[in-house]
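Step one of this worksheet: look at the structure below.
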Amino acid sequence: MDMEKAHEAIVKVIGEAVVQILAEERAVTNEAIIEMIGLLSDGEPNLAVVFAIDLLDR
């Protein structure tokens, strides 16, 4: 996976989580995004999920 594709995949993972959080009328925080990424990944983490969580968990 090259850097551009990795960046796009991470942005997609985070974006999908944020959209879902907003749809549920919840506050968008790093913790909420991390939680939603976990829920949306169906327990099947991929590299984009791992990188997104690592980026948000700093």
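None of the figures in this text is laboratory data; all of them are computed from the coordinates on show. A quick note: this is a predicted structure, and the numbers were derived from the prediction, not measured. Ideal geometry is used to build each Cβ from the backbone, glycine not excepted, and the neighbour counts take in all protein chains shown.
What are the extents of the Cα atoms of the chain along their three principal axes, listed from largest to smallest and rounded to whole Å?
Principal extents (Cα only, largest first): 35, 21, 21 Å.
Let me spell out the model: positive unit charges on the Cβ of Lys and Arg, negative unit charges on the Cβ of Asp and Glu, origin at the Cα centre of the chain. What dipole size does that give, in debye rounded to 20? Don't skip to the end; give the middle numbers.
On the way: 4 positive and 12 negative charges, 21 e Å.
Once rounded to the nearest 20, the dipole reads 100 debye.
Tell me, what ³J(HN,Hα) does each residue in segment 22-36 have, in order and in whole Hz, if you take phi through Karplus 6.51 cos²θ - 1.76 cosθ + 1.60 with θ = phi - 60° and put x for Gly and Pro?
The phi angles translate into 5, 4, 8, 6, 9, 6, 8, 10, 4, 4, 5, 5, 4, 4, 5 Hz.
Rank these for me by crowding, 3, 36, going from fewest to most other beta carbons within 10 Å.
Numbers: 3 7, 36 21.
With the fewest neighbours first, 3, 36 line up as 3, 36.
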